[in-house]
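These notes concern the structure reproduced below.
The values are calculated or read from the model by the stated rules, or taken from the named source; none is laboratory data. From a predicted model like this one, the values you see are computed outputs, not experimental measurements. Because the Cβ atoms are built from the backbone with ideal geometry, glycine has one as well, and the counts that use them run over all protein chains shown. Note: accessible area is taken over every heavy atom of the protein model, side chains too, but ligands, DNA and RNA are not part of it. Shrake-Rupley method; radii C 1.70, N 1.55, O 1.52, S 1.80 Å.
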Amino acid sequence: MKTIIKGMALLFAFIILSCGGKKEEKKEEGFSVERKKATTELPTETNAATETKASERVDMNTKGIGPVKSVTLSPGIDQTLATSGKGIYDQMCLACHRIGKKFIGPPPNGILERRTPEWVMNMILNPQEMVQQDPLAKDLLQEFNGSPMSNQGLTEDQARAILEYFRTLQ
């Protein structure tokens with residue numbers, strides 16, 4: 001019985017010593033946790049770009065980065081093109097964009113009151129390069145939690161049809 005007690009005492013001592021050694025190793029290897037107190041201070045400098053969400057910001061001058069350099073919109077809506085655009089939108093865009101509400105991406109309604117037609121089409125056709133080079137697209141990516149718009153491989157004609165559909169959502 002005494003040997004069992006001695007054996008257990010030795011085992012217990014070994015366990016305690018071995019645990020202490022690991023703490024030493026962690027400190028030596030640079031593993032540590034430092035907690036910082038949260039601050040309630042607000043940044044002292046703000047600008048208009050950070051005060052307005054990117055999805056609400058109006059920029060009617062930028063054409064974006066991509067193949068579309070100029071778009072001419074007729075005064076009236078081409079209903080046939082808009083219907084085609086709605087079908088493409090429902091199939092390719094609806095998973096991330098909801099009309100009238102923020103979802104994975106921004107809502108498309110009213111977009112042509114905030115962006116040029118060229119910018120919209122370039123965002124549809126060239127989203128990767130847009131979020132890398134276009135300041136507004138970068139801000140949108142940040143606003144929507146880093147969820148990048150995927151390239152759906154659409155043609156310019158399909159993007160133009162979606163644009164015409166967006167005109168009906170004003």
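Would you mind finding the one in ALA137, ALA161 that is open to solvent by less than 30 Å² (accessible area, probe 1.4 Å), out of contact with any strand residue (DSSP E or B) (no Cβ under 8 Å at 6 or more places or on another chain), under 20 Å from ASP59 (Cα atoms) and of a type outside the set (S, T, N, Q)? Reasoning before the result, please.
Numbers: ALA161 fails: under 20 Å from ASP59 (Cα atoms).
One residue alone meets the criteria, ALA137.
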Worksheet entry | Which numbered condition GLN79 misses (of (1) over 13 Å from ARG160 (Cβ atoms); (2) at pLDDT 95 or above; (3) crowded, with 16+ Cβ neighbours inside 10 Å) | (3)
Worksheet item: From the list PHE166, PHE144, PHE103, which residue is crowded, with 20+ Cβ neighbours inside 10 Å and among the aromatic types (Phe, Trp, Tyr)?
Response: PHE166
Response to the item:
The residue from THR155, THR116 that alone is open to solvent by 40 Å² or more (accessible area, probe 1.4 Å) and either at pLDDT 95 or above or touching a strand residue (DSSP E or B) at 6+ places or on another chain (Cβ under 6 Å) (or both) is THR155
